[in-house]
Amino acid sequence: MANPPTHQGLAGSPTLCVLGLGYIGLPTASMFAVSGLNVLGVDVNPRVVEWLQTGRIHIEEPDLQTLVQAAVNSGQLRIGLEAQPADAFIIAVPTPITDEHRADLSFVTSAAESILPHLRRGNLVVLESTVPPRTTRDVLLPVLERSGLKAGEDFALAHCPERVLPGRILIELVQNDRIIGGLSAGCAERAAELYRIFVQGTLHQTDATTAEMVKVMENTCRDVNIALANQFAILAEGFGVDAWEAIDLANKHPRVQVLRPGPGVGGHCIAVDPWFLIESAPERAPLITAARKLNDAMPGHVVDLLRAQAPNPADGPIAAFGLAYKGDVDDVRESPAVEVVHAALRAGYEVRAHDPHVKHDGGMDLPPCFDLAGALEGAQALVLLTDHSVFRRMNPVEIGKSMRFKRLIDTRNALDHAAWQAAGFQVTTLGRGIPC
Ligand code: SAJ
């Protein structure tokens, strides 16, 4: 394959069009904008566009508000509903899973179709969304080539998966190494040139399909290892062992690193991406499938712990603290906390969820939410589901005042249990068996 030509046509600083202004697209577009590129950020949601045009953001992420405001105010970042001609296009749209656990690539396809009328010789198209291996070649490329242009010759095509951790996005966007998977070596080099603008980590060039596989392997590795920690926790409860102490001790081994058990795995990445490997060949992925199922079963295990400590739903409501999928984020996608609440409701409990980070805008299928006092009033138990810092700082004496029974179920081992016990709480911790 010949190297794709670089774009010659547009005067001034290079232009970039970023499609999808969510947790990845918005910070990425803003970073390029404050680095001097003329960026158009595109989102199909008119509400998101309206907010961003006035410099407000619709997601919670440290320092993102300041960055977006700086980018919009400088005029380098414009926000719109439709793609326009540019030197480069980045697709950063969601890739959810269907009920059958298959990747829903409809957003990727429609983003590619929206680029089609604007695609010119010399352009670069990058897919950042996480996708099953071969998607760039088998799904994205045929759509883009409907333009009559040939990928790898007339325009460059690459898959450059994001790797940032929610809560540290702006730091990791700059510092992390990146995998740059080109349709050809020339495509990879074109994409690397773009990311070099602000990425300080090493840019590792490879082919697009390897890059796709690397990304899903990374998150699958984490999912399988969390499943192992959860398996240990359940076993420890049966043995009368404290899994948290046992894990700490096992991790004293120089080559062992067991992760933390919890109520399950959430977020749009780790709970989803392993299915992208399983879907093409389930018979070749028994370990990954078992891990997914084990993690998905953890909310049910939390309800079992609840039943053991608070067996009678008629004794009063349950205060469920945390709906976000992990501490100090506002994201409820695939959140095990939400699953626990729904499972407890199905088990007949009245559940009062409380999460100061989560905006209850009616857009999600969330259970009814309460403020702190409303959640605790008359409660027969408090279940801690998300390890937000604000929960770690709670004063158990104050918390217990309006509860009917002082019972705590800590699914994250996040609280100071001695203090809670001293305040009269009966404490159950996920993974902590009672020695006998
Ligand atoms: N969790 C545990 N035990 C642990 C670690 C995590 O139960 O020891 C749970 C969390 O509570 C949460 C879920 O797993 O529900 C996932 O949380 P996370 O912090 O591990 O990951 P994410 O989804 O916030 O971000 C991940 C990161 N991937 C890896 O760490 C391999 C990030 O680098 C990726 O860029 C991101 O997914 C993504 O977009 O793929």
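A few remarks follow.
- Subset of segment 306-361 (residues that are part of a helix (DSSP H, G or I), surrounded by fewer than 20 Cβ atoms within 10 Å (Cβ to Cβ) and among the charged types (D, E, K, R)): 307, 315, 346
- Boolean, residue 236 is away from the ligand (no atom under 13 Å from the Cβ), touching a residue at least 60 places away in the same chain (Cβ under 8 Å) and either out of contact with any Cys (no Cβ under 7 Å at 6 or more places or on another chain) or within 22 Å of residue 270 (Cβ to Cβ) (or both): yes
- Residues in segment 219-252 that are acidic (Asp, Glu) and crowded, with 17+ Cβ neighbours inside 10 Å were compared, and the one that is nearest to residue 415 (Cα to Cα) is 242.
- Total residues in segment 338-353, condition on the phi > 0 side of the Ramachandran plot and among the hydroxyl-bearing types (Ser, Thr, Tyr): 0
- Taking segment 161-178 as the range and being free of Cβ contacts under 8 Å to residues at least 60 places away in the same chain and either in contact with a Leu (Cβ under 8 Å, 6 or more places away or on another chain) or outside any helix (DSSP H, G or I) (or both) as the test, the residues that pass are 161, 163, 165, 172, 176, 177, 178.
- Pair list, Cβ < 8 Å and 6+ apart or interchain, from segment 408-427 residues that are without any contact (Cβ under 8 Å) to a residue 24 or more places away in the chain to residues that are among the hydrophobic types (A, V, I, L, M, F, W, C) and part of a helix (DSSP H, G or I): 427/420
- Taken over segment 363-390, the criterion of being touching a residue at least 60 places away in the same chain (Cβ under 8 Å), under 18 Å from residue 351 (Cα atoms) and buried (at least 19 other Cβ atoms within 10 Å of the Cβ) is satisfied by 379, 380, 381, 382, 383, 384, 385, 386.
- Candidates 220, 210: the one that is within 15 Å of the ligand (Cβ to nearest atom), among the polar types (S, T, N, Q) and either over 26 Å from the mean Cα position of the chain (by Cα) or under 28 Å from residue 132 (Cβ atoms) (or both) is 220.
- Where residue 148 falls short, out of the listed (1) in contact (Cβ under 8 Å) with a residue 60 or more places away in the chain; (2) more than 25 Å from the chain's Cα centre (by Cα): (1)
- Of the residues screened, residue 204 is not one that is surrounded by 23 or more Cβ atoms within 10 Å (Cβ to Cβ), within 16 Å of the ligand (Cβ to nearest atom), farther than 23 Å from residue 67 by Cα and of a type outside the set (Val, Ile, Thr).
- Inter-residue pairs, beta-carbon under 9 Å, first within 26 Å of residue 190 (Cβ to Cβ) and in segment 95-124, second acidic (Asp, Glu) and loosely packed, with under 15 Cβ neighbours inside 10 Å, 6+ apart: 95/104; 114/82
- For segment 385-400, the tally of residues that are acidic (Asp, Glu) and outside any loop (DSSP other than H, G, I, E, B) stands at 1.
- The single residue among 246, 281 that is farther than 28 Å from residue 371 by Cα and within 15 Å of the ligand (Cβ to nearest atom) turns out to be 246.
- Restricting 44, 68, 108, 48 to residues that are closer than 24 Å to residue 267 by Cβ, surrounded by 14 or more Cβ atoms within 10 Å (Cβ to Cβ) and under 18 Å from the mean Cα position of the chain (by Cα) narrows the list to 108.
- For segment 52-61, the criterion of a residue being under 28 Å from residue 175 (Cβ atoms), crowded, with 20+ Cβ neighbours inside 10 Å and modelled with pLDDT of 95 or more is satisfied by no position.
- Residue within segment 132-141 that is under 25 Å from residue 27 (Cα atoms), touching a strand residue (DSSP E or B) at 6+ places or on another chain (Cβ under 8 Å) and within 16 Å of the ligand (Cβ to nearest atom) present: yes
- Scanning segment 88-125 for residues that are charged (D, E, K, R) and farther than 22 Å from residue 41 by Cβ returns 99, 100, 102, 104, 121.
- All of 316, 267, 300 fail the test of being small (Gly, Ala, Ser) and within 11 Å of the ligand (Cβ to nearest atom), apart from 267.
- In the set 170, 116, 124, only one residue is surrounded by 19 or more Cβ atoms within 10 Å (Cβ to Cβ) and in contact with a helix residue (DSSP H, G or I) (Cβ under 9 Å, 6 or more places away or on another chain); that residue is 124.
- Counting only helices (runs of 4 or more DSSP H) wholly contained in segment 51-148, the ones carrying 2 or more residues that are among the polar types (S, T, N, Q) occupy 64-73, 106-115.
The values are calculated or read from the model by the stated rules, or taken from the named source; none is laboratory data. If you're wondering where the values come from, they're calculated on a predicted model, not measured in any experiment. Here Cβ is always computed from backbone atoms with ideal geometry, including for glycine, and neighbour counts include all displayed protein chains.
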